[in-house]
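Just below is one structure, and these are the notes that go with it.
Bear in mind these aren't lab numbers, they're just calculated from the coordinates by the rules spelled out. All figures in this text were calculated on a predicted structure; none of them were measured in a lab. Because the Cβ atoms are built from the backbone with ideal geometry, glycine has one as well, and the counts that use them run over all protein chains shown.
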């Protein structure tokens, strides 16, 4: 892999110049720090504490099933604003969603499946995924541009996932 990369960058042969290959290392370091904070939050029990308080504050156990599904879908789609790592979000949220669904009498499999599609959303800020960091590194748009587009895309994604859940996912399992 390194040899292939070097061949691409050799003068006269390469398809990419060193100037074009510039990487925003500050964003890479921020991403690594965010992953570490997310893992520490999960390992210390902070994530469980936060989810318990969130459920109590919203009163999910007192709402109807449709409202619970929509709220959890929105939470999972926008969860990347708190935890940048998809692995950390999955580790924290899927067991909590299964537990909440079981507690309120919903099918945990269909709700967890839909919410897992929401967890895959990582479009709002450059450090939320390596791809976002690479796109941002091109310099064609600002962080504010990405936030505007990302929040709108997350809202649309939440609505689409909610529609999918009510249209067919809840009936599959």
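Structure data summary
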{"read-out": "Bins of 10 Å from zero: percent of alpha-carbon pairs in the range 23-172", "value": "11, 38, 33, 15, 3"}
{"read-out": "Inter-label distance, nm, simple model (7 Å from Cα along the C-beta direction), residue 3/residue 160", "value": "4.2"}
{"read-out": "Relative contact order computed over the range 23-172 (Cα-Cα under 8 Å; 6+ residues apart), in percent", "value": "28"}
{"read-out": "Footprinting exposure proxy for 122, 102 (fewest neighbouring C-beta atoms within 10 Å first)", "value": "102, 122"}
{"read-out": "Length gained when the stretch residue 81-residue 99 is fully extended (0.36 nm per residue, less Cα-Cα span)", "value": "4.2 nm"}
{"read-out": "Inter-label distance for residue 61 and residue 152, nm, one decimal - labels placed 7 Å from Cα along Cα-to-Cβ", "value": "4.1"}
{"read-out": "Segment residue 35-residue 50, extension gain: residue separation times 0.36 nm, minus the distance between their alpha carbons", "value": "3.6 nm"}
{"read-out": "Burial ordering of 146, 48, fewest other beta-carbon atoms within 10 Å first", "value": "48, 146"}
